[in-house]
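The block underneath contains the structure these notes are about, expressed in structure tokens.
The values are calculated or read from the model by the stated rules, or taken from the named source; none is laboratory data. Please read these numbers as outputs of a predicted model, since none were measured by experiment. Cβ coordinates were reconstructed from backbone atoms using ideal geometry, including for glycine residues, and neighbour counts include every protein chain displayed. Heads up: the accessible areas ignore ligands, DNA and RNA and are worked out on the full protein's heavy atoms, side chains in. Shrake-Rupley method; radii C 1.70, N 1.55, O 1.52, S 1.80 Å.
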Amino acid sequence: MKINKLKIKNFKQYKDCTISFPEGLTGLIGKNGAGKSTIFEAIYLALYGKYKYNKDKMRNDNAKSNEPIEVELSFEENNNSYRIKRKYTGINLTPNAELFINDEENASIFGANEITKKITRFLKINSKKFKNSFFSE
């Protein structure tokens, strides 16, 4: 999997951020609390729709309660391009998801849970293995 771009809105310390990933290996460096782990959490949330803490800790402190949390991940795998958009709305942070494969929207076919299952199938790795393989807490 080659990650191309990550967009984050109202997620933890990120109010509105877009990160482009260049070719090759990418390293994240910064002070404690700068948001390095949050970038991985946003990737994980985009792919699998999971957040390890209480939902009330997801929203940026400066965001209003009616502002949605959004993560969007663009990546390539096996000669296909993928874009996953996950949005959490309202006080209860109701999840919504959209999946685009080669710029075609597949969201009308698949709901949020089905999108997660589809991601797991074509990446050939479930959320637990992904987290344990690519992130050291």
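Side notes on the structure shown:
- Any hit, the range 26-33, residues being open to solvent by less than 80 Å² (accessible area, probe 1.4 Å) and touching a helix residue (DSSP H, G or I) at 6+ places or on another chain (Cβ under 9 Å): yes
- Residue ranges of strands (runs of 3 or more DSSP E) in the range 1-104 with at least 1 members of a type in the set (S, T, Y) and free of Cβ contacts under 8 Å to residues at least 24 places away in the same chain: 14-20, 80-89, 94-101
- All of (1) on the phi > 0 side of the Ramachandran plot; (2) in contact with a Gly (Cβ under 9 Å, 6 or more places away or on another chain) hold for N78 with one exception: (2).
- Among the residues of the range 47-64, the one identified as touching a Ser or Thr at 6+ places or on another chain (Cβ under 7 Å) and open to solvent by 40 Å² or more (accessible area, probe 1.4 Å) is K50.
- Of the residues in the range 68-77, at least one is open to solvent by 40 Å² or more (accessible area, probe 1.4 Å) and within 25 Å of I119 (Cα to Cα).
- Checked against (1) in contact with a Pro (Cβ under 9 Å, 6 or more places away or on another chain); (2) buried (at least 19 other Cβ atoms within 10 Å of the Cβ), G90 passes all but a single condition, namely (2).
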